[in-house]
Amino acid sequence: MSLSLILCRLTWKKVMLLSVLGFWLIVLIIWSCDAWVRRSSIYCHHQIETAPAMPVALVLGCSPKVAGSPNMFFTHRMEAAATLYKAGKVKAFIVSGDNATHQYDEPTAMKADLVARGIPADIIYCDYAGFRTLDSVVRADTIFGQKRFLIVSQHFHNERAIFLARQHGLEPEGFDAKDVSRRFAPSTYYREFLARVQAVIDVVILHTQPKYAGPKVDINQLRE
């Protein structure tokens, strides 16, 4: 056997070994980040009876429609938000989402839906710069002056939102909207694993801040 062939085989074995090690390292990172974020589940409430009363609820945005049909993630979040208000758990809402273009406006769609459900328009505050979950939870403090608030979204999303907020020194809890079956939105749940890795990187390594600041909105008169 020639020396070049031996070296080639050794190199190939090293490549395979490094590939295997790299794969398991990635798995370990994803598992560790997921486990860390999951700890926030202790602050999530599934039943309206156990949800704490707070001045403000932060409703996290998503598209109201998917491929022309109602987005059930959106619908269930609006239902949960309305339930909180009707149960007397909150006095105002921050609806936070993406408004990157004139044609795509999550906060306005959320506000319109909540008003249609009987929520007074004057207690709904739109955050048009909630481009990411991190932006939404941090801006609830820096723009709207809220350190304690209820986050409204699906359970998996609430876990990550609460993790991000508490890593920024805030004290939110979550009210879980009804989940959507994984059969109908598998990619959403798969992407969540990567989103949790990004969340850990944002707060531990990059110390990421919201993309935009802006004028402060005073809703503290609602505190009692």
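The values are calculated or read from the model by the stated rules, or taken from the named source; none is laboratory data. Keep in mind that what you see is a predicted model, and the values were worked out from it rather than measured. FYI the Cβ positions are ideal-geometry reconstructions off the backbone, even for glycines, and counts take in every protein chain you see. Calculation scope for accessible area: heavy atoms of the full protein, side chains included, ligands and nucleic acids excluded. Shrake-Rupley method; radii C 1.70, N 1.55, O 1.52, S 1.80 Å.
Details
- Selection status of Phe73, within 21 Å of the chain's Cα centre (by Cα), surrounded by 22 or more Cβ atoms within 10 Å (Cβ to Cβ) and within 18 Å of Arg191 (Cα to Cα): yes
- Search result, residues across the range 196-224 that are among the aliphatic types (A, V, I, L, M) and either open to solvent by 40 Å² or more (accessible area, probe 1.4 Å) or modelled with pLDDT under 95 (or both): Ile201, Val204, Ile205, Leu206, Ala213, Val217, Ile219, Leu222
- Selection within the range 181-199 - in a helix (DSSP H, G or I) and among the aliphatic types (A, V, I, L, M): Leu194, Ala195, Val197, Ala199
- Pairs are defined by a Cβ separation below 6 Å, a sequence spacing of at least 6 or placement on different chains, a first member in the range 79-108 that is in contact (Cβ under 8 Å) with a residue 40 or more places away in the chain, and a second member that is part of a strand (DSSP E or B) and of a type in the set (D, E, K, R); the pairs so defined are Ile94/Asp127; Ser96/Asp127; Glu106/Asp98.
- Apart from one condition, Arg196 fits all of (1) over 18 Å from Ile30 (Cα atoms); (2) touching an Asp or Glu at 6+ places or on another chain (Cβ under 6 Å); the exception is (1).
- Tally, over the range 135-163, of residues that are open to solvent by 20 Å² or more (accessible area, probe 1.4 Å) and polar (S, T, N, Q): 1
- Any hit, the range 173-180, residues being under 28 Å from Leu84 (Cα atoms), in a helix (DSSP H, G or I) and open to solvent by less than 50 Å² (accessible area, probe 1.4 Å): no
- Subset of the range 111-153 [part of a loop (DSSP other than H, G, I, E, B), farther than 19 Å from Glu173 by Cβ and either of a type in the set (A, V, I, L, M) or over 16 Å from the mean Cα position of the chain (by Cα) (or both)]: Arg117, Gly118, Ile119, Pro120, Ile143
- Number of positions in the range 40-55 that are without any contact (Cβ under 8 Å) to a residue 12 or more places away in the chain and either buried (at least 19 other Cβ atoms within 10 Å of the Cβ) or charged (D, E, K, R) (or both): 1
- The set of residues in the range 112-134 that are surrounded by fewer than 19 Cβ atoms within 10 Å (Cβ to Cβ), among the hydrophobic types (A, V, I, L, M, F, W, C) and within 18 Å of Gln146 (Cα to Cα) contains only Ile123.
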